[in-house]
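Quick notes on the structure that follows.
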Amino acid sequence: MSKQVKNSHHGSRLVPKARPSSYNLHNPYLSANFKIWIVGCIFLLVFIRLSSLIFFPDANIISDKIILGIVLALIGYLWGQEVRDRHRLELMNADLIRAQKKLENAEIDTISSLILMEEAKDPYVHGHSSRVMKISLAMADMLGFHTETKESIRRASILHDLGKIIVKEEILHKPAKLTDEEWTMVRKHPQMAVDILEPLRFLHLEKRIILHHHERIDGKGYPSGLEGDDIPLESRIIAIADTFDAMNSARIYRDPCPKDYILEELNRVAGTQLDAELVKKFLDLLEKNPDFWKRE
């Protein structure tokens, strides 16, 4: 039966019993030392037989059939245990991989919660990261990306504005035009996000995607001034989703942009700010997915 655990923040919740392990660490099939003893016995039997042939060639102390049978039995037993041990190690490795994935996902979920909490404070950007993720994944599906790449895009898109949690709120929520100093601080948020995620080495591709999602095709973006195909494809996808949602959402200094204006603007910046070919594909996708226009 499930065990009920009290949680001070979330009340009562049901915690399922842990799944039995696929292997038993307390009852290993065969120790390495025992295998050595079996191999030693095989060599000893062969040594005894060879010695008898050399020193007592006319004597038949032990039948060859008996020795051969014992040796073959020991080899067969050893082989069987090796197969079982190999299977056991494979199960252990699979469990370790699953545990590592769960730990990685838990770390991502924890960081994502920080972003969602930060967005929740500001009704103008609430849900922005989730919408960018939804659009980016739809584009990745359309382009036929592999599952692993789509997972990296999912993570990168939900974390792309992580660096903004370090930027002062009065700058992010300022209704007037930003000063050069304030704009410089905002432009640092991709690098800040990468710095925050640096300890998570398994996010190598995600950090690269996040770092370059504000680059421009004409090389006038930030932080590295990359241009054209030097910008990671995944970053170019998120840039389109980010730009679209920014125009389609209200901001403290303006209402959501009209639909016709957004379409016109996307076409205008295609080839300079955004990847022209990807913009074309996104517009086709947008036509097939009118839900992307829904505003919160």
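What follows is calculated from the coordinates using simple rules that are stated; it is not laboratory data. Please read all numbers here as calculations on a predicted model, not as lab measurements. All Cβ positions, even for glycine, are placed from backbone atoms using ideal geometry, and neighbour counts span all protein chains on display.
Answer with one residue from Tyr124, Ile66, His173: the one whose Cα lies farthest towards the positive end of the charge dipole of segment 63-210, charges on Cβ with Lys, Arg +1 and Asp, Glu -1. About the Cα centre, the residue reaching furthest to the positive side is Ile66. Each Lys and Arg Cβ is given +1 and each Asp and Glu Cβ -1; about its Cα centre, segment 121-293 then shows a dipole of about 320 debye. Centroid-to-centroid, using Cα positions, segment 34-79 and segment 172-209 are 71 Å apart.
Here the average projected area of the convex hull drawn through the C-alpha atoms of the chain stands at 26.8 nm².
Over the C-alpha atoms of segment 67-139, the Rg to Rh ratio, Rh being the Kirkwood estimate, stands at 1.52. Working note: Karplus 6.51/-1.76/1.60 with θ = phi - 60° gives segment 223-236 the couplings x, 10, x, 5, 9, x, 6, 5, 7, x, 4, 5, 5, 5 Hz, where Gly and Pro are set to x. Between Thr110 and Lys259, the contour length at 0.36 nm per residue exceeds the alpha carbon distance by 50.1 nm. Suppose R0 equals 25 Å. What FRET efficiency, 1/(1 + (r/R0)^6) with r the Cβ-Cβ distance, do Ala246 and Glu198 give to the nearest 0.05? My answer for the efficiency is 0.40. Evaluating kT/(6 pi eta Rh) at 4 °C and 1.567 mPa s, with the Kirkwood radius of segment 165-296 over Cα pairs in the Stokes-Einstein relation, gives 81 µm² s⁻¹. Model label sites at Val39 and Thr184, defined 7 Å from Cα along the beta-carbon direction, differ in position by 6.6 nm. Residues in segment 114-119 carry Karplus couplings, in order, of 4, 5, 5, 5, 5, 5 Hz; the curve used is 6.51 cos²θ - 1.76 cosθ + 1.60 with θ = phi - 60°, and Gly or Pro positions show x. Distance between the modelled labels on Ala176 and Asn93, one decimal in nanometres: 6.3 nm (7 Å Cα→Cβ projection).
The three principal axes of the Cα atoms in segment 29-101 give end-to-end lengths of 67, 18, 13 Å, sorted in falling order.
Converting phi to 3J(HN,Hα) with the Karplus coefficients 6.51, -1.76 and 1.60 and the offset θ = phi - 60°, segment 260-277 yields 4, 5, 4, 4, 5, 5, 4, 5, 5, 8, 5, x, 10, 8, 10, 5, 4, 5 Hz in sequence order, with x at every glycine or proline. When you filter the trypsin sites (Lys or Arg not before Pro) in segment 98-158 for DSSP loop state and at most 13 other Cβ atoms inside 10 Å of their Cβ, you are left with Lys121. Only the Cβ atoms of Lys and Arg (+1) and of Asp and Glu (-1) were treated as charged; on that basis the dipole of the chain about its Cα centre amounts to roughly 1320 debye. Helical content alone sets the calculated 222 nm signal of the chain at -20000 deg cm²/dmol, taking -39,500 (n - 2.57) per DSSP H segment of four or more residues and averaging over every residue.
The lysines within cross-link reach of Lys207, meaning a Cα-to-Cα straight distance under 26 Å and a gap of 8 or more places when in the same chain, are Lys101, Lys102, Lys121, Lys134, Lys150, Lys164, Lys168, Lys188, Lys220, Lys281.
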